[in-house]
1. Search segment 458-477 for residues that are in contact (Cβ under 8 Å) with a residue 60 or more places away in the chain and pair each with any residue that is open to solvent by 60 Å² or more (accessible area, probe 1.4 Å) when their beta-carbon atoms are under 8 Å apart and the residues are at least 6 apart or on different chains.
2. Please specify each residue of segment 101-120 satisfying the condition of being at pLDDT 75 or above and crowded, with 20+ Cβ neighbours inside 10 Å.
3. Within the set of pairs 6 or more residues apart or between chains, which connect a residue that is at pLDDT 85 or above inside segment 504-517 to a residue that is open to solvent by 10 Å² or more (accessible area, probe 1.4 Å) and assigned to a helix (DSSP H, G or I) with Cβ atoms less than 6 Å apart?
4. Any residue in segment 357-374 that is outside any strand (DSSP E or B), open to solvent by less than 70 Å² (accessible area, probe 1.4 Å), at pLDDT 85 or above and polar (S, T, N, Q)?
5. Looking only at segment 558-587, how many residues end up being touching a helix residue (DSSP H, G or I) at 6+ places or on another chain (Cβ under 8 Å), assigned to a strand (DSSP E or B) and among the charged types (D, E, K, R)?
6. Given the conditions (1) touching a Phe, Trp or Tyr at 6+ places or on another chain (Cβ under 9 Å); (2) at pLDDT 80 or above, and given that residue 149 satisfies all but one, which numbered condition is not satisfied?
7. Name the single residue that is surrounded by the most Cβ atoms within 10 Å (Cβ to Cβ) among those in segment 70-100 being touching a residue at least 40 places away in the same chain (Cβ under 8 Å) and among the hydrophobic types (A, V, I, L, M, F, W, C).
Amino acid sequence: MESESNTKPITLLAHYLRPYRGRVVGLTLLLLAGIALQLIAPQVIRRFLDTASNSRDAAALTTISALFFVVVLGQKTLSMLTTYLTEDLGWAATNDLRGNLAAHVLRLDMGFHKLRTPGELIERIDSEVGNMAEYFSELVTAVFANAILVIGVIVLLFLEAWPAGLIALAYAVIILVFLRAIQNRVVHLYGAISQATADLFGFLEERLTGTEDIRGNGGEAYVMTRLYPLLHTYEALRTRTYTFGAFTGSFSDFLFAVTEAAMLAYGAYAFLQGRMTIGTVFLLLSYVVLMSQPVNEVRRHIGDMQRALANIRRVGEFFAIDPERSQAGTAQLSSVAPTVTFDSVTFAYKDRRPGETDDAGEEAPSPVVLSDVSFIVPAGRVLGILGRTGSGKTTLSRLLFRLYEPDEGAIELDGMDVEAVSLDELRSHVGLVTQDVQLFAATVRDNLTLFRHLDSTMPPIPDAQIVDALATLGLEDWYGSLPEGLDTQLGANGQGLSAGQAQLLALTRVFLRDPQVVVLDEASSRLDPATEHLLEQAIDRLLDGRTGLVIAHRLQTVQRADGILVLEQGRVVEHGARMDLMADPDSTFYRLLQTGLEEVLI
């Protein structure tokens, strides 16, 4: 497949139009037929005027009138079909692009997503690609088709009279040079507008999501202070755009008026000299008007086209970003619980945008989160990971799941570096449950299987298997309380469910995938008392026979662990068997038990 990072509009469109080449050929034939009819119509009128002024043959005039009606009707019909097919083809091709872009963004590392708000990504993937569909339509109708029409008009005018052809050619050249001269400025302007729109939408999306926290802590004034500069930037760019559009429109109208006057003057002179009929004079003026229509069409839509050009470049910027993670490892993992090894792992989040500086104005490096971390979790055993907030506990789970890559060191499963394994293979063997569970506005079935029935590459999970998984995790009563069983509709973000019930769904999701390694990232830190005992039983069954890493603040959660790892500021301060550490009064874990985990670690 050609490189997606090529931002040239023609190249990009050609790549995505290739699967629709048959429809492209049909559309091209329709365009050419419509243009031919547009060029024929003034010729028919000339014939009518000359016949009326010379012979006044009623039968001939009737025939010519009928012919003109057929030509115009055919041209309008073809124009309607062309418009429909152009829009349909444009959206079909750009929908493929939208899907590829969304898939590419999902493959990018979490560092990429930390630097961009959901609103910005939605703007880039949906709105800007949608503008590209409009660009395709404008390219076909306002550039390709109209260019052929203008060339046809100039050629016919030269055939009629070379001075008329020169007037039309001069008009076309001046307009072309003018539009070419302003292209780069317009592209830059619309690129800035697209970025300002993405920044504004991203800001609003984040703040509206956090409305409760903002209002609860009196942050409205701060939000509005941040919002005003974004609105000012957007408004200033829009004003510049409208002003620039008014200037280009005025210049185009003035140039057309001059061209029409010149053509009328030449036609009048030739008519008075007896070298041209009244029908031919009308033909010259008709062709000038016909020529001005595509020029005005290009001018009116130049903003849309330049915006789409800017969007293509911005979309190309996303395609040009390569994932830091290798996607195509070939190593295969065994189907039994593996030994997990962290060997001298060091890592720092690269969460600064290029060129971003600190308060001192210097581009300081990102702080190290994990430093020379080494430990081993034997196959089928559970490691409890403890530490204060910010000590690097969650980072361990992200590195094992390959949401990020370590800067130094290696992570291994049964001695095999996880970087040698494809992401799909790794994530089919490693299950991750966090305290923040993402639920969708869909049925219980779809939330548990994550819409697997829509994946043609994998067989759907039978309902009986889902029910058995719920029973295995001790969730029969909870499942029995659902009004419509697996068809029960859930609200977005778990609306109507407690935090504990949402965690139960997350555990069942992982259980259905049957991973060999399970990572629980503070999965029991937000449980309500009514479901805490039930979920603890489910966790025990989920970890049975699997290698587990349990990140926790709660004492009961780590009681199931075979080993304990204590982190402090990204370094391992203690690692050993839980029972041994419990019996050692000098161990950090012993002091945590005496003091209380919740008081010390939070």
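1. 472/541; 473/537; 473/541; 474/537; 474/541
2. Passing the criteria: only 101.
3. Listed pairs, sorted by first residue: 515/429; 516/429.
4. Checked segment 357-374: no residue is outside any strand (DSSP E or B), open to solvent by less than 70 Å² (accessible area, probe 1.4 Å), at pLDDT 85 or above and polar (S, T, N, Q).
5. Total meeting the criteria: 1.
6. (1)
7. 93
Conditions (1) aliphatic (A, V, I, L, M); (2) farther than 18 Å from residue 289 by Cα; (3) touching a strand residue (DSSP E or B) at 6+ places or on another chain (Cβ under 9 Å), marked per residue:
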| site | (1), (2), (3) |
| --- | --- |
| 165 | no, no, no |
| 176 | yes, no, no |
| 188 | no, yes, no |
| 194 | no, yes, no |
| 204 | yes, yes, no |
| 218 | no, yes, no |
| 231 | yes, yes, no |
| 245 | no, yes, no |
| 261 | yes, no, no |
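The values are calculated or read from the model by the stated rules, or taken from the named source; none is laboratory data. Since the structure is predicted, the reported quantities are computational estimates derived from the model, not experimental observations. So basically every Cβ, Gly included, is an ideal-geometry build from the backbone, and we count neighbours across all protein chains shown. Areas reflect the complete protein model, heavy atoms only, side chains present, ligands, DNA and RNA absent. Shrake-Rupley method; radii C 1.70, N 1.55, O 1.52, S 1.80 Å.
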